[in-house]
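The values are calculated or read from the model by the stated rules, or taken from the named source; none is laboratory data. Everything numeric in this text was worked out from a predicted model, so none of it was measured. Every residue, glycine as well, gets a Cβ built from its backbone with ideal geometry; the counts of neighbours run over all protein chains shown. Accessible surface areas use protein heavy atoms only, side chains included; no ligands, DNA or RNA. Shrake-Rupley method; radii C 1.70, N 1.55, O 1.52, S 1.80 Å.
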Amino acid sequence: MSIAPSNFYDFNYDSLNQYILDRFSIDQKKGGMRTNQLWKFVYKKGLHNIAQFSNLPSDLKTNLENNLSFKRVEISEKKISSDGTIKWLIKLADNNLVETVFIPSDNRGTLCISSQVGCTLNCKFCHTGTQMMVRNLSTSEIINQILIAKDELKDWGSQKKITNIVYMGMGEPFYNYDNVKQSVAILRNNHGLDYSAKKITVSTAGVVPEIMNAAKEIQTYLALSLHAPNDELRERIMPINKKYKIKDLIESCAYYAKVNKEKIFLEYVLLKNINDSLDCAKQLIKLMSKFPCKLNLIEFNAWPGVSYEPSSPDVIKQFYQAIKKSGHIVTLRKSRGEDILGACGQLKTESEKKRKSL
Ligand code: SAH
């Protein structure tokens with residue numbers, strides 16, 4: 001028998017239902033109702049104190065007290081950018097730190113969540129890759145980021161403030177596949193947080209076998225961090241390309257797009273004199289015609305000690321125009337939250353530095 005989780009937020013709806021039926025000798029007929037109630041307290045109302053769970057029989061409350069933890073992770077620090085972006089430094093039970101970022105815009109509020117402490121990928125332009133400590137986040141730790149942000153933003157009303165969730169924080173979601181998959185199942189469940197698959201984007205540096213699995217098992221929007229139009233260049237800036245080549249990435253993405261009937265978002269960070277030439281744009285256009293995709297050009301966010309520079313506004317414009325002229329869909333992502341190092345790719349906790357200075 002597998003060991004059931006003891007943390008409430010590690011369960012999905014069905015496994016919670018099964019757990020309370022098995023463990024708490026609840027009548028089969030009542031099981032669904034109780035699961036529904038619990039899910040509502042936690043994911044619709046944001047409660048995490050069993051005493052506040054109303055209309056539950058006292059023996060069920062006692063069972064919950066004795067068997068399941070509703071304890072959440074804590075906020076260690078909060079920074080608010082002049083553009084309204086909010087970054088929370090989240091402290092996990094083992095004192096590791098991860099970052100969660102809320103990016104408000106006119107008609108949406110996007111929450112960017114982390115899937116790992118640190119990252120093993122070592123993309124040369126990414127700050128997270130320079131962090132020493134790496135471990136996967138549990139399902140509970142992924143879900144907690146959303147609950148904490150909802151609390152902070154007072155987002156428990158029917159009109160959601162967090163309208164979109166993106167797995168674009170620290171870590172490679174597909175190196176933590178099972179917990180990412182479970183967290184997406186929890187997010188999508190309509191008894192609780194109720195985010196449709198089209199409100200969620202998982203971003204990957206390109207773990208081919210998991211892209212194939214995710215096509216049927218995760219089914220959110222998929223973003224692929226491409227950043228270079230050929231293997232030679234991609235390998236230089238993204239070591240993962242030694243393992244998974246562009247041809248295989250395209251094949252797996254084409255499959256994902258076909259199963260989910262949606263275009264893949266290609267992410268491309270423009271690095272001065274590295275990947276921003278018109279020749280690169282031409283190669284990229286060729287690649288883009290091989291599968292259903294659209295392009296998101298990203299301004300490079302520099303961080304202390306990095307050797308790359310952002311492309312100049314003129315070069316960015318030229319690159320953008322070249323893609324646009326080819327007929328493909330292309331957008332330019334504006335940098336947000338730069339002043340709090342909350343921008344894309346700048347997430348790296350200060351934990352190491354702080355530890356050293358203790
Ligand atoms: N590991 C996943 C998700 C995390 S990073 C992935 O690779 O997709 C989210 C996005 O930010 C990726 O596209 C990543 O390449 C990009 N990024 C990393 N560092 C950046 C930087 N300094 N400036 C702009 N974008 C960056």
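Residues considered: R336, R34, R188. Largest GNM mean-square fluctuation over the chain, using C-alpha springs under 10 Å, is found at R34. Computed over neighbours whose Cβ is under 10 Å from that of S311, the net charge equals -2, Lys and Arg +1, Asp and Glu -1.
Given a Förster distance of 30 angstrom, what is the FRET efficiency for K258 paired with D279, based on the Cβ-Cβ distance and rounded to 0.05? In this case the efficiency is close to 0.50.
Considering only the other residues whose Cβ falls under 15 Å of the Cβ of K261, what net charge follows from Lys and Arg at +1 and Asp and Glu at -1? Mind showing how you got there, number by number?
Details: positive: K198, K216, K258, K263, K294; negative: E262.
Within the 15 Å Cβ shell, the charges total +4.
Result for the chain in a Gaussian network model with C-alpha springs under 10 Å: among G32, G192, G337, the largest mean-square fluctuation is at G32. Counting only DSSP beta bridges whose two residues both lie in the chain, roughly 45 percent are antiparallel.
Among beta bridges identified by DSSP and lying wholly in the stretch 1-118, the antiparallel ones come to about 95 percent. With only Cα atoms counted, the chain has Rg and Dmax values of 21.4, 69 Å.
The apolar share of the surface of the stretch 6-69, taken as the fraction of accessible area on carbon and sulfur atoms (1.4 Å probe, ligands and nucleic acids excluded), comes to 41 percent. A full extension of the chain between I329 and S158 corresponds to an added length of 58.3 nm, given 0.36 nm per residue minus the alpha carbon distance. When the chain is treated as a GNM with alpha-carbon contacts under 10 Å, the residue of F102, F300, F53 showing the greatest mean-square fluctuation is F53.
Taking 16 Å as the straight-line reach from the Cα of K216, the aspartates and glutamates in range (excluding those fewer than 8 positions away in the same chain) are D178, E251, E262.
Between N36 and N189, the distance separating the two model label sites (each 7 Å from Cα on the Cα→Cβ line) works out to 1.4 nm. Straight-line cross-link partners of K44 among the aspartates and glutamates, defined as a Cα under 16 Å from its Cα and at least 8 positions apart when in the same chain: D151, E152, D155, D194.
Within the stretch 196-318, DSSP assigns beta bridges of which about 5% are antiparallel (rounded to the nearest 5).
Give the accessible surface of the chain per residue, rounded to a whole number of Å², with probe radius 1.4 Å and ligands, DNA and RNA excluded. Walk me through the numbers before you get to the answer.
On the way: 16780 Å² over 358 residues.
About 47 Å² of surface per residue is accessible.
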